[in-house]
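Heads up, the thing below is written out as structure tokens.
The values are calculated or read from the model by the stated rules, or taken from the named source; none is laboratory data. Computed from a prediction, not measured in an experiment: that's the story for all the values here. All Cβ positions, glycine included, derive from the backbone under ideal geometry; neighbour counts span all protein chains shown.
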Amino acid sequence: MIITTGFDPIPEIVQRAEGLAEHTGTSFAPRGKMSMKKLVERYGDEQILVVLQEAVRLITPGMPPMEFHPSMGFVRAKRILKGEPDPMIEAAGMQPGDSVLDCTAGLGSDSLLFAVHGGADSAVTALESSLPLYALLLEGMRHYTSGQIKVNEALRRIQVVHSEHLQYLRALPDNSIDIVYFDPMFRVPLMDSSAISPLRQFANTAALSAESVAEAVRVARKTVLLKEKALSGEFARLGFEELLRGSAKISYGVIHIDN
């Protein structure tokens, strides 16, 4: 992956792009007047992350550009700020100030909801194993502006970590995080989505392992939460109690921790 800017960037954007490249161990490519095609030809890498003044965009072959945006997470975040209930927050039993480990961050929408509900005293860590998605998420969380101050503040509070979740969980002490959350990519999508379809090429499609769940149970103080298709056999296979929600296509499964 290479990191570049748009045409004629201001110095701040160049510094951000250079810093992101250094942080992620990737190459910074000065844009000049080069097209995306010319950048690929010169640097020999087809994955390009473009840092812009008001956006960050991941460009990959054969797919539409993927831009950081909370999407439906922003709508749900505004509802939470109004005091309305959210099914994920309720299933997790999250209280303001709780700590959360989001083991499968993707584009960070669920991490945002935890950070909004948790408030300034909460600690939300978002794990992403794909380097391109990690870089997109890291830059987006740092600089995306939503128009809602509390949403922006929540985005900045999220700690984004480039790691595979089992490795990260193994290194954590017992009972060290209130809530551990899994949202594995559905192997058969429920619907086509311009936000999700490009994401699928980076996703780890392996089934969630029993070992990962066991480590999560060891680490969690309150709950371990799994998002899956309603009536999925994954809940029973991994020991979760499924919380069915009427005709909803998505369910949450929970393991309550007794300490």
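I'm trying to understand the selection: among the residues of segment 1-40, which are touching a helix residue (DSSP H, G or I) at 6+ places or on another chain (Cβ under 6 Å) and part of a helix (DSSP H, G or I)?
Matches in segment 1-40: L20, T24.
If you take the residues in segment 1-33 that are under 13 Å from I59 (Cβ atoms) and of a type in the set (A, V, I, L, M, F, W, C), which one is surrounded by the most Cβ atoms within 10 Å (Cβ to Cβ)?
In this case the residue turns out to be I3.
Of everything in segment 207-227 that's part of a strand (DSSP E or B) and in contact with a helix residue (DSSP H, G or I) (Cβ under 6 Å, 6 or more places away or on another chain), which residue is surrounded by the fewest Cβ atoms within 10 Å (Cβ to Cβ)?
Filtering segment 207-227 for residues that are part of a strand (DSSP E or B) and in contact with a helix residue (DSSP H, G or I) (Cβ under 6 Å, 6 or more places away or on another chain), the one surrounded by the fewest Cβ atoms within 10 Å (Cβ to Cβ) comes out as T223.
Could you please give the count of residues in segment 229-259 that are assigned to a strand (DSSP E or B) and touching a Leu at 6+ places or on another chain (Cβ under 9 Å)? Before you say what the answer is, go through the steps one by one.
Looking only at segment 229-259, we keep the residues that are assigned to a strand (DSSP E or B), and these are 229, 241-243, 250-256.
Adding the requirement that they be touching a Leu at 6+ places or on another chain (Cβ under 9 Å) leaves 229, 242, 250-255.
Residues that pass the stated criteria total 8.
Select from segment 5-19 the residues that are under 22 Å from the mean Cα position of the chain (by Cα) and in contact (Cβ under 8 Å) with a residue 40 or more places away in the chain and list them in ascending order.
The answer is R16, and nothing else.
Restricting to segment 26-46, give me the number of residues that are touching a residue at least 40 places away in the same chain (Cβ under 8 Å) and under 19 Å from L136 (Cα atoms).
2
Pick from E22, E46, E67, E41: which is among the acidic types (D, E), over 19 Å from T125 (Cα atoms) and at pLDDT 95 or above?
Checking each option against the conditions leaves just E22.
With L136, L81, L131 as the choices, which residue is within 30 Å of T60 (Cα to Cα) and either over 11 Å from the mean Cα position of the chain (by Cα) or among the small types (G, A, S) (or both)?
Exactly one residue qualifies, and that residue is L131.
Go through segment 50-79 residue by residue and tally those that are in contact (Cβ under 8 Å) with a residue 12 or more places away in the chain and assigned to a helix (DSSP H, G or I).
So the count comes out to 6.
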